[in-house]
Structure formats: C-alpha cells, structure tokens
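Contents: one structure, followed by commentary.
Derivation of every value follows stated rules applied to the coordinates shown; laboratory data play no part. These figures come from a predicted structure and were not determined experimentally. Note: ideal-geometry Cβ built from the backbone for every residue, glycine included; neighbour counts use all protein chains shown.
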C-alpha cells in the first residue's frame, strides 16, 4: 500500500486553485464554505492540497459538472 504525500498550499496557490482573492477566501472560511488553513508558523498558514481538491470536487458536483 502506498501512502499519499500530503502537501501544504500557500495562499497564492490556493487563490489560483479557487479563483478567489484573499478577501473572498477568508470570508468563505468564516461562513464555513471553504477549508480552514493550518498554522505553519507564527505568521504562516497553509491549506492541505487534498482538502482544496475535495472542495473543488464539491463545487463541480454542485454545478452539475463532470461526474
């Protein structure tokens, strides 16, 4: 069995993957519509790539896209 490598995405990558800007991302986090980031250090956060991928999949399903 192979273990999937986890990777943290920083804000520029999350912005690109989601199509949202910083303000929209944090507003959606506050309402529970977007994955929360994990603290990486005193002034750094990151999002798990698997959680961003799952969020993208949910958005695709919600709009009746790819099955």
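Any residue at all in region 28-43 that's without any contact (Cβ under 8 Å) to a residue 24 or more places away in the chain, in a helix (DSSP H, G or I) and either surrounded by 11 or more Cβ atoms within 10 Å (Cβ to Cβ) or in contact with a helix residue (DSSP H, G or I) (Cβ under 8 Å, 6 or more places away or on another chain) (or both)? Yes, some residue in region 28-43 is without any contact (Cβ under 8 Å) to a residue 24 or more places away in the chain, in a helix (DSSP H, G or I) and either surrounded by 11 or more Cβ atoms within 10 Å (Cβ to Cβ) or in contact with a helix residue (DSSP H, G or I) (Cβ under 8 Å, 6 or more places away or on another chain) (or both). Contact annotation: residue pairs with Cβ atoms under 9 Å, 6 or more positions apart or on different chains, pairing a residue in region 4-21 that is in contact (Cβ under 8 Å) with a residue 40 or more places away in the chain and at negative phi with a partner that is surrounded by 15 or more Cβ atoms within 10 Å (Cβ to Cβ) and part of a helix (DSSP H, G or I), are 6/49; 7/49; 8/49; 9/17; 9/49; 9/52.
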